[in-house]
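First comes the structure, then the notes that go with it.
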Amino acid sequence: MSFLNKLRAGIFRFMQGRHGPDQLALAMLWTSLGLNLLAVLFSAVSWLSTLLSVLGFVLLVLCFYRILSRNDAARGAENRKYLSWVYPMRTRLKQARVRFENRKTYTYFSCPGCKCRMRLPKSVHGVVRVTCKSCGRVFEKKL
């Protein structure tokens, strides 16, 4: 067995029963690296550089604590809480990007009843009668 295969097997044995990296751990890792990069960029301001370095280091230690933890239930609950906070923001950003890309083709508007987003082709002109798919409300939209 080569050295790399032995190393891989050893790491695999060490990580058995541990939580391992998840989305929260990766976010903490990238934030830690970003804070340390900012500390280098703001090295002229010594107190700010020190503060950013310490915050980055603490976040890195917490990240590795999460990765090497054997309490899988607690780390999973923390990750679910983080994802329930992050996914709505990701969805809004993704939808905003799609609306921006299609801005020349479609007109976007919201239902006055449930605030559901809808779209109509820009080729349609005048007053259009629209029925919301979510709440069933019928309203008129001037294009």
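Key figures for this structure:
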| item | result |
| --- | --- |
| Hydrodynamic radius (Kirkwood) for region 63-108, which is based on Cα pairs only, to one decimal in Å | 13.2 Å |
| Whole-Å distance, taken between Cα centres, linking region 99-142 and region 21-59 | 44 Å |
| For residue 107, residues with placed amide H under 5 Å, excluding near neighbours | 120, 122 |
| Furthest towards positive pole of dipole, 49, 76, 32, structure part the chain, Cβ charges | 76 |
| 0 to 90° range, to nearest 10: angle between helix 46-68 axis and the chain longest Cα axis | 90 degrees |
| Extended-chain gain in nm, criterion 0.36 nm per residue less alpha-carbon gap, residue 116 and residue 40 | 22.8 nm |
| Principal-axis tilt of helix 23-41 within the chain, Cα atoms, nearest 10 degrees | 80 degrees |
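Every read-out reported here was derived from the displayed coordinates using simple, explicitly stated rules and does not represent laboratory data. Being a predicted model, the structure only gives us computed values, none of them experimental. Counting neighbours? That spans all protein chains shown, and the Cβs are built from the backbone with ideal geometry, glycine included.
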